[in-house]
Amino acid sequence: MMSPEIVGCKIRVYGIVQGVGFRPFIFSLAQRYQLTGWVRNTSSGVEIEVNGSEKNISLFLQAIRNEAPPLSRIDQLESEPCTPNGYRQFEIVASQPEVGQFIPVSPDMSICSDCQHELFDPYNRRFRYPFINCTNCGPRFSIVRDIPYDRPLTTMSSFQMCAQCQKEYENPLDRRFHAQPIACPECGPKIWFQVNGERRAESEDALQLARQWLQQGKILAIKGLGGYHLACDATNSAAVTELRRRKRRSEKPFALMAFDLQTVRRHCILNPEEETLLLSPQKPIVLLERHPASAVALEVAPRQQTLGVMLAYTPLHLLLLEPAPGFPELLVMTSGNLSEEPICYEDEEALQRLMTIADAFLLHDRPIHMRVDDSVVRVIEGVRYPIRRARGYAPDPLTVAEPLSPILATGTELKNTFCLTREHYVFLSHHIGDMQNYETLRSFEEGIIHYQKLFRIQPEIIACDLHPDYLASRYAHQRAEQDQLPLIQIQHHHAHLAACLGDNGWDSGEPVIGLIFDGTGLGTDSAIWGGEVLLGNYQGYQRYFHLAYTPQPGGDISARKPARMALSHLWQAGIDWETDLPPVQALCYEERTALRSQLGRQINSPMTSSMGRLFDAISALLGICQVNTYEGQAAIEMEALADPAEMGFYPLEIQGDQIITNAMLHQIIGDWRAGIPIPVLAARFHNSVVQLVVELCLHVRNGNGHSTVALSGGVWQNRLLLTKTLQELKRAKFTVLIHHRVPANDGGIALGQALIANALTKG
Ligand code: ZN
Ligand code: ZN
Ligand code: FE
């Protein structure tokens, strides 16, 4: 009966095509175009075989590309004709595992609008069920133990589906077809409310009790998607202050969560791009300008004009924040950890570690396999600028044109991420944290093992930072020795430059001018670098200019105390420590005396060209911030004060390859003594750096004609500095690369390390 025009076609699709409703999508397309055959998951993607008319098959192929489900991402689609097999219908057939193959796993995604609708629909069987999800939404990466992505290999394996869920799961036309975390109140995870180890309430009662406690100003630990949060009423100063005290976090801002966009509009001034980001399926924390009328307690973000806000991203969060008279509009939702430790995700560990912070716990029994923090982003010039890349974005890989060797890059000390590469894929891990305690190290090691297993990567090259004492570098050394692999040590700022190039898909060998401004990174001359003008590519770099070396007496202690850096800069410039100057007043007589002798005798005073430390010094000099209780505080507070309308600036001299700040320091002090307002002085300092940058770039371009500039390093998270620099560099006809997929801070370093290691070993 086979009519002559029936032909066959084999199709392979690669990318994020599992756990995102891809097979039912193919199924419905096959119905539309009257095709017979089958579709199945493999360990590397999705495989399809169809029989039908040539015209319909070509329409089918077009539709796969044009109509793919929202969470999917097609990296590659291959098709080849084959002999028709006489299939009578179209079927979804069992998965086909292949040894050594792999497939990208979808990040965790926020609840979709269909599920949200059902959540609040009293006639739906999942009405107010905190774990409602479908093929378009819900947990993914945080519950996956291994691939292929099927229920037995997720943390949902212990929940036995009820008959109704099973039916939905098996029906190709249902929007929960093969939704691995499918669940309902009958068969799925449950919540409960716990005080002092004792269960007080379950299900809806637990939720209502949690809301009561929050409304009364209590602090709750709440188990979420990728870990635990600590929550309290964001408009209650006493509650926020108490949370700071118990968490031992003095001034670092807390993130907030709101039920919907309308609520955020009452507390922040939003532009359309920021709204889009807030509503995106990734639901990151977006740094927003605080509305003057906002009732959010000032203790949430002391001396800042921004608030970090995210929308409720799981059904549990929506239920928790559901608007009601007298209930707080915004909750503080900060990582459930002690200051500087990684986010808790295991129940026993969380109960133990958070016991002293939380008055009560809102818990559930769906295990978290991989801890993932909330992501943080900012909008710069209408484009997403990542600060912390985690939930919603990781482990989404970046793709590159030329295949890469299997590489493990271990990243750096602060804001650690690691990176694993395979073929055309670069897997930059989610945010791990500051590698300064055992907990974070454990999280880092577990993460590497998990990614290696999930993506079937056996590294053949190890890359790490030049600094031998970082825990991440030590791990790299051990791994290289143990597995007998080559180890490549990479200079920190070269890695920043390469990270920015990789972020922008830069694949030409042409050198780029890198303006790499950050806090700390070991240089090849053993000094601490951080105010660097490099010219380079993945293969190598030349150091063109840098901030003149200034002592950093005591090393890390001066990174914590901007006042010390201010005095060091004054000493270097030959300016007396007059007692009217704020940083002089901030340090006691004994500390100043010790500092003076340390500087004079060069004891334990590494030399630094750090731009971050220069921002610290100026912030202290202007009396804005003398102690950093969190990284970048002095610079952030100075940016918050700066008057954006001020156009004045101070000269910075360039002598040889050195940038000299003496004249600027003299002028700032003079203007300060003349009573010029601090916001004007703060702005002039920012403008001075902008002018300097343009001048340095012109120098390089005049010398060798290169006119592409990459801006990387944590200092560029300063929005005032970055937007003004972008304007001026564009005005001077430079092409400017900034970050938009990975952070400019050290969270992007591992990507740069991997790309450099690849370039160096490709020969
Ligand atoms: Zn959904
Ligand atoms: Zn069920
Ligand atoms: Fe850095």
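Remarks
- Length gained when the stretch Ala594-Lys55 is fully extended (0.36 nm per residue, less Cα-Cα span): 185.7 nm
- Positive minus negative residues near Glu591 (Lys, Arg vs Asp, Glu; Cβ under 12 Å): +3
- Residues of segment 681-725 with amide N under 16 Å of the 7 Å Cα→Cβ point at Ser508: 701, 704-710
- Unit charges at the beta carbon, dipole of segment 515-737: most positive-side option, Gly703, Asn604, Gly521: Gly703
- Rough spin-label spacing in nm, given labels placed 7 Å along Cα→Cβ, for Thr761 and Asp525: 3.1 nm
- The length gained by stretching the chain between Cys82 and Glu423 to full extension, at 0.36 nm per residue less their Cα-Cα distance, is 120.0 nm.
- For the pair His477 and Asn196, label points projected 7 Å from Cα toward Cβ lie 5.0 nm apart.
- The long axis of helix 492-503 is offset from the longest Cα principal axis of the chain by roughly 40 degrees.
- Separation of alpha-carbon centers, segment 55-97 and segment 302-369, rounded to whole Å: 42 Å
- Taking all Cα pairs closer than 8 Å and separated by 6 or more residues, the relative contact order of segment 62-149 comes to 31 percent.
- Relative contact order [Cα under 8 Å, 6+ residues apart], the chain, whole percent: 11 percent
- Tail beyond 14 Å, pair distance distribution of segment 7-92 (Cα, percent): 58 percent
- Asp121-Arg32 FRET efficiency (beta carbon distance; Förster radius 22 Å; 0.05 resolution): 0.15
- Straight-line reach from Lys247: taking Cα to Cα under 18 Å and skipping same-chain neighbours fewer than 8 places apart, the lysines in range are Lys218, Lys223.
- Acute angle (nearest 10 degrees) that the helix 54-67 long axis makes with the longest principal axis of the chain, alpha-carbon atoms: 40 degrees
- Proximal lysines relative to Lys724, as straight alpha-carbon distance under 19 Å, when same-chain residues fewer than 8 apart are discounted: Lys733
- Normalised by the number of residues in segment 7-92, the mean separation of alpha-carbon contacts (under 8 Å, six or more apart) gives a relative contact order of 50 percent.
- Within straight-line cross-link reach of Lys561, lysines at Cα separation under 17 Å, skipping those fewer than 8 residues along the same chain: Lys252
- Using R0 = 35 Å, the C-beta based FRET efficiency linking Gln164 and Met355 works out to 0.35.
- With the simple spin-label model, which puts each label point 7 Å out from Cα in the Cβ direction, the Asp365 to Ala663 separation comes to 7.3 nm.
- Segment 231-245 and segment 15-30: distance between their alpha carbon centers, rounded to Å: 45 Å
- For the chain, adding -39500 (n - 2.57) for each run of n ≥ 4 DSSP H residues and dividing by the number of residues yields -10000 deg cm²/dmol at 222 nm.
- Whole-Å distance, taken between Cα centres, linking segment 277-296 and segment 153-185: 34 Å
- The chain: angle of helix 471-482 to the longest principal axis, Cα-based, in degrees nearest 10: 60 degrees
- Estimated FRET transfer efficiency (Ala645, Thr241; beta-carbon r; R0 45 Å; 0.05): 0.85
Bear in mind that the values in this text are calculations on the coordinates, not laboratory data. Here the structure is a predicted model, which is why all the values come from computation and not from measurement. Because the Cβ atoms are built from the backbone with ideal geometry, glycine has one as well, and the counts that use them run over all protein chains shown.
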